Amino acid sequence: MTTHDRSNRALAQRDLRHLWHPCTQMHDHERIPMVPIVRGEGAWLIDADGRRYLDGISSWWTNLFGHANPRIAAALADQAQQLEHVIFAGFTHEPAIALAEELVRITPPGLDRVFLADNGSAAIEVALKMSFHYWLNLGHGEKTRFIALTGSYHGETLGALSVSDVALYRKTYAPLLLTPILAPSPDTYEGEPGETPAQIAARRLGELRALLERDAHETCAVIVEPLVQCAGGMRMYHPDYLAGLRALCDEFDVHFIADEIAVGFGRTGTLFACEQAHVSPDFLCLSKGLTAGFMALSAVLTTERVYEAFYAEYSAGKAFLHSHSYTGNPLACRVALETLAIFREEPVLERNRALAAHLAARLAPLRDHPHVADVRQTGLIAAVELVADKATRRPFPAGERRGLEVYLHGLEHSALLRPLGNIVYFMPPYVITTEELDHLVDTAVAGIERALRQ
Ligand SMILES: Cc1ncc(COP(=O)(O)O)c(C=O)c1O
């Protein structure tokens, strides 16, 4: 086979000879096709044989305004001809400066300091270290622990994985990790029968209070994914929990870290999920949609109060220590600026609300399906929970890999759907049309039937 052969088959064979893909048992590719994508266009991906796939998951929740979006691509090309990168210690550049100004302007009040990193997990590492170091600089070296929610996911570097509670990712590496204090998630799926989402939030806040009464003296921060625990199964909860969490963090003198890496930038119906509870966290972690799927970039926003705890004569040894070579990359910053310009200039949130309503209407009939325990939605994130037994909510055994059948069905029918276990979810790019949403839902429904026949 020559390298001039650019068919799906040829590219897949070359890939499998050397590459090792994330979140993949590579052996699966003896049976599951590797899909070489050569082009993107709006919500569509196009493979080397010309087959098209509607990207129902925004390519791991990153893409907002379409693949190869011409406006963002032009900004990136323009920046590449001026400055591709410069060391970000001692040197700066206007794309980073303007991005920091814009992020401070659009995020919840009080978040006036911006630290840049280059992916979501790195942002979590920064927030955890900064919170710990803040307390250390204030003379509270005894604060070394973090509270995380059950079912949470914050990334897979060792620090981020330490505060995550998805067994699939955590279990194997557990001996290497910090041990978080786990607070029960306010996830509505796990509520008591008849309990409202607000009542679940109130009950879970009571349990969090008890943990803080016991452990706040050694706790740096509580870290949460606001409103939707995404990788943990698109589990959703009431905004009251965030308001109560803010109050508890103030009362017990611990930080509130909001990981909006997946839910930020309009996903949940507001620009940031925290807005729905009218709260500002002490640290806000952003990535993914920040660059609309074009470049790796993340940002941690924090308060002037945190910043001041590090600001001292060099000899005091209080400076924050965390650096990545590609911190503040000008190409990524410029792409982020263009992404935020689209939010300013176009009615993105309004359009998303209309799309979300359409998606909700299309998914509603699934509530009556004998193997669907729950259909839930927050903004443009929707999930359908498949179960073996509807009455008891007994899940299908994970080993049956029912979700994989939905994925394979999608590939055969022009849709990229990638269920999380038995949870089929939708998280499309914001440029998707209602007709395209219909195609995604129809394909998912047919895929679910195929998975149930398995
Ligand atoms: C809520 C949340 N936090 C952190 C991360 C980690 O981001 P990254 O994959 O860029 O390291 C993810 C990724 O899915 C996420 O969903």
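Out of D28, D15, which single residue is under 26 Å from the mean Cα position of the chain (by Cα) and part of a helix (DSSP H, G or I)?
Matching residue, one of D28, D15: D28.
Go through the residues of region 183-196 one by one and say whether even a single one is farther than 29 Å from D374 by Cα and of a type in the set (D, E, K, R).
no
If I ask for residues that are part of a strand (DSSP E or B) and hydrophobic (A, V, I, L, M, F, W, C), which ones from region 42-59 would you list?
Scanning region 42-59 gives W44, L45, I46, L54.
Select from region 27-72 the residues that are free of Cβ contacts under 8 Å to residues at least 60 places away in the same chain and within 18 Å of A341 (Cβ to Cβ) and write down the one among them that is nearest to the ligand (Cβ to nearest atom).
A68
Can you pull out every residue in region 271-291 that is more than 21 Å from E338 (Cα to Cα) and within 13 Å of the ligand (Cβ to nearest atom)?
Once the filter is applied, which keeps residues that are more than 21 Å from E338 (Cα to Cα) and within 13 Å of the ligand (Cβ to nearest atom), region 271-291 yields A273, F283.
Does R353 count as modelled with pLDDT of 95 or more and surrounded by fewer than 21 Cβ atoms within 10 Å (Cβ to Cβ)?
Considered against the rule, which asks whether it is modelled with pLDDT of 95 or more and surrounded by fewer than 21 Cβ atoms within 10 Å (Cβ to Cβ), R353 comes out as yes.
Can you find a residue that is within 30 Å of A273 (Cα to Cα) and of a type in the set (V, I, T) anywhere in region 32-53?
The answer is no; no qualifying residue exists.
One line per residue, one yes/no per condition, for (1) within 16 Å of the ligand (Cβ to nearest atom); (2) open to solvent by 60 Å² or more (accessible area, probe 1.4 Å); (3) within 18 Å of S287 (Cβ to Cβ); (4) in a strand (DSSP E or B):
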site: L76; (1), (2), (3), (4): no, no, yes, no
site: A98; (1), (2), (3), (4): no, no, no, no
site: E101; (1), (2), (3), (4): no, yes, no, no
site: V104; (1), (2), (3), (4): no, no, yes, no
site: F115; (1), (2), (3), (4): yes, no, yes, yes
site: H133; (1), (2), (3), (4): no, no, no, no
site: E156; (1), (2), (3), (4): yes, yes, yes, no
site: A160; (1), (2), (3), (4): yes, no, yes, no
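If A332 meets every condition in (1) more than 19 Å from F88 (Cβ to Cβ); (2) in contact (Cβ under 8 Å) with a residue 24 or more places away in the chain apart from one, which number is that one?
(1)
Residues being over 24 Å from P197 (Cα atoms) and either within 16 Å of the ligand (Cβ to nearest atom) or part of a loop (DSSP other than H, G, I, E, B) (or both): count how many of those fall in region 214-252.
Qualifying residue count for the region: 1.
Quick one: would you say E207 is within 14 Å of the ligand (Cβ to nearest atom), of a type in the set (D, E) and either touching a strand residue (DSSP E or B) at 6+ places or on another chain (Cβ under 7 Å) or open to solvent by less than 10 Å² (accessible area, probe 1.4 Å) (or both)?
Judged against the criteria, E207 is not a match.
Suppose the filter is in contact with a strand residue (DSSP E or B) (Cβ under 6 Å, 6 or more places away or on another chain) and either part of a strand (DSSP E or B) or within 28 Å of I381 (Cβ to Cβ) (or both); does A262 pass it?
For A262, the condition - in contact with a strand residue (DSSP E or B) (Cβ under 6 Å, 6 or more places away or on another chain) and either part of a strand (DSSP E or B) or within 28 Å of I381 (Cβ to Cβ) (or both) - is not met.
If we keep just the residues of region 162-183 that are within 11 Å of the ligand (Cβ to nearest atom) and among the hydroxyl-bearing types (S, T, Y), which is surrounded by the most Cβ atoms within 10 Å (Cβ to Cβ)?
Residue satisfying both the conditions and the ranking: S164.
Please state which one of F310, F265, F294 is under 14 Å from the mean Cα position of the chain (by Cα), touching a residue at least 12 places away in the same chain (Cβ under 8 Å) and more than 12 Å from the ligand (Cβ to nearest atom).
It is F265.
The values are calculated or read from the model by the stated rules, or taken from the named source; none is laboratory data. Fair warning: this is a prediction, and the values are worked out from it, not measured in the lab. Heads up, the Cβs are rebuilt from the backbone with ideal geometry, glycines too, and the neighbour counts pull from every protein chain shown. Just the protein is used for accessible areas: all its heavy atoms, side chains included, with ligands, DNA and RNA removed. Shrake-Rupley method; radii C 1.70, N 1.55, O 1.52, S 1.80 Å.
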